[in-house]
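A.B. asks: Have a look at the structure that comes next, please.
Derivation of every value follows stated rules applied to the coordinates shown; laboratory data play no part. Worth saying up front: this structure is predicted, and the values here are computed from it rather than measured. Cβ placement follows ideal geometry from the backbone for every residue including glycine, while neighbour counts extend to all protein chains displayed.
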Amino acid sequence: MFILQNALKNLMRNKGRNLMIGAIIFVIILTTVVSLIINNTSAAVIADYKERFASEVYITPDMQKVMEDAQKNSTDGRVMIKKPEIPSEQLLQFANSEYLKESLATGSIMANNADIQAIDQDDSNSSGTGSTSIAGEGGMMRSPGMNGNYKLMGDSWEEFNEGLRSLESGRLPESDGEGVISDELRDLNSLGLGDIITFTANMSVDAPADMSSDNVQEGDKVTVDGIEYTASITGMGTVRLQREVTYPLTVVGVYHDLTDEYANDNMPKSAGFNRRNEILTTLDTLIAQRKTSETGVNVSVTYYLKSPEMLEPFEAEVRAKGLDDLFNVNTDTASYEKVVKPVEGLKSISITFMVVVIILGSIILLLLASISIRERKYEIGVLRAMGMKKAKVALGLWFEIFTVTCLCLVIGLAAGTVAAQPVSDMLLQNQAETAQSNAAQGAMMMGPGGMQLGGAQLGGAQTSANPLSEMKISLDFVTISEIIAISILLASFAGFVSISKITKYEPIKILMERN
């Protein structure tokens, strides 16, 4: 007990020296608190975004292989690059994998109805027998993908989950052949729950290799695999085979829509683009009318891995199920790097700064402890002459340092917690600006347009994700434990210096030098 009481008295007797030591320890602890809070929060954010971006699988065309394949198949020296497609059956088959946590499949098809009027309907396209006309710089062009005033959507409930759409009346489809319409479409046509609306749409199949515009005329009936199709000749002279299918849908619900009518202001005011003309149904309803070899229903499947480490075995599985080598299977590394890059830079800066401060602070603390012991040689000699053992003298000196460290720890935790957020915001903003500058330079090197493949950028990984510009800083139990451990090690380091000095001093020699 005497040792502890004497240590506390010594703290008050030597205020100047102890304040200097305390200031050094406080700076070290403050820096450690800020750095560890930023580092641990950054690590948690990085792990979260890594899990998020690395779990969603993307199956995209390989630009190099697509170009090589196009060059290999060229017969007249002209290289025609066509975006490769994955059959819908394969996309749905890939979803049956033990490596997936879940998969979300949606579908869509353009359709028409001659009995009701669509919002922003153009009378020239009221029957749906032709393609939608879109005004372009060179006049009017035909869009074969926009064959109708309505868009039938299968299992597309994302807007409901996001709160952008809500049921005004009725319910969502529970079985095939049921649909939900917008309240505006209902009001325009005086529709009600229980009404049956029959939509027509086109299914297409590839023409046989020996079929061309030389032996087939517009409107000819052609039978493929026992199914009759109508031939149409495109502007490039290729033959398209189509047949008409019907979708009788029972209205079971009406939704209210908060989304914009058009995806952007540059889109033409056409019924086929207006989101109020979207009819929501099930995916099974859409694909039930389509044969295996046909196209028409645009199926999109999003895959989510159970763990990012399962990407390789999942790729091996989909390859075995028939995925062409023209496609890459990967996760969204571009978005991950763009979003998390500033956070990784912030994490690196915080750790580097903390290590530098701890090393420099420890050196200064070592010098101050050595000077302190040299100044207190006589005091140590008197205590040793009174019969106090070296261990107790060392314990007293260590307790002094430990007490100063504890006081600095309390103040440093409070000050560091307050300072961590603004320091993090400033550093993260600088990192985000650097990341955006590097991205802009990369885009300039790529050129204004890059190489396009069916609307997809092939010049590199393109992402609309923005770098993380702010991060909520918090002090958790793990961080507090690490700070306490570092503080104890710091106090023990200073105490060890004192103990090593004490063992060299003999009380009689100290007192004789004093005389």
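A.B. asks: Between Thr250 and Met386, what is the spin-label point distance in nm, taking each point 7 Å from the Cα along the Cα→C-beta axis?
C.D. replies: 9.8
A.B. asks: What's the FRET efficiency of Asp195 with Thr238 using the Cβ-Cβ distance as r and R₀ = 41 Å, to the nearest 0.05?
C.D. replies: Details: r = 40 Å, r/R0 = 0.97.
Result of the calculation: an efficiency of 0.55.
A.B. asks: For region 109-301, calculate the relative contact order in percent as a whole number, restricting contacts to Cα pairs under 8 Å that are 6 or more residues apart.
C.D. replies: Relative contact order comes out at 33 percent.
A.B. asks: Calculate I(q)/I(0) for region 109-301 by the Debye formula, one identical point scatterer on each C-alpha and no solvent, and give its log10 at q = 0.10, 0.13, 0.18 Å⁻¹ to two decimals.
C.D. replies: Debye intensities relative to I(0), on a log10 scale: -0.44, -0.73, -1.25.
A.B. asks: Rounded to the nearest 20 debye, what is the charge dipole size of region 109-301 about its Cα centre when +1 sits on each Lys and Arg Cβ and -1 on each Asp and Glu Cβ?
C.D. replies: So the magnitude is around 280 debye.
A.B. asks: Among the listed pairs Lys306/Lys347; Lys72/Lys306; Lys321/Lys347; Lys65/Lys338, which have their C-alpha atoms separated by more than 30 angstrom in this model?
C.D. replies: Going by Cα-Cα distance, Lys72/Lys306; Lys321/Lys347 fall outside the 30 Å limit.
A.B. asks: For every other residue with a beta carbon closer than 10 angstrom to the beta carbon of Lys269, add +1 if it is Lys or Arg and -1 if Asp or Glu, then tell me the sum. Each step should come with its number before you reach the end.
C.D. replies: Values: positive: none; negative: Asp120, Asp122, Glu261.
Net charge around Lys269: -3.
A.B. asks: Now, a different point. What FRET efficiency do you get for Lys269 and Ile484 if R0 is 56 Å and r is their Cβ-Cβ distance, rounded to the nearest 0.05?
C.D. replies: Computed FRET efficiency for Lys269 and Ile484 comes out at 0.30.
A.B. asks: Working out 0.36 nm times the residue gap between Ile351 and Thr302, then minus their Cα-Cα distance, what length gain in nm do you get to one decimal?
C.D. replies: This chain segment gains 13.9 nm when fully extended.
A.B. asks: Compute the length gained on full extension between Ala414 and Lys291: take 0.36 nm times their separation in residues and subtract their Cα-Cα distance, giving the result in nm to one decimal. The partial results should precede the final answer.
C.D. replies: Numbers: separation 123, 0.36 × 123 = 44.28 nm, distance 6.80 nm.
Full-extension gain reported as 37.5 nm.
A.B. asks: Additional query: Just to be sure I understand the model, the point goes 7 Å from the Cα along the line to the Cβ. What's the resulting Leu92 to Ala44 distance in nm?
C.D. replies: 4.3
A.B. asks: Rounded to the nearest 5, what is the percent of antiparallel bridges among the DSSP beta bridges in region 109-301?
C.D. replies: Here the share of antiparallel DSSP bridges comes out near 80 percent.
A.B. asks: For Met426 and Asp183 in the same chain, what is the full-extension length gain: residue separation times 0.36 nm, less their Cα-Cα distance, in nm?
C.D. replies: Between Met426 and Asp183, full extension yields 82.7 nm more.
A.B. asks: Here's a follow-up. Please identify which residues in region 261-303 have an amide N closer than 12 Å to a label point set 7 Å out from the Cα of Phe160, following the Cα→Cβ vector.
C.D. replies: From region 261-303, the list is 280-283.
A.B. asks: Can you compute the modelled spin-label distance between Lys321 and Ser492, with each label point 7 Å from Cα toward Cβ, in nm?
C.D. replies: That separation, rounded to one decimal, is 5.4 nm.
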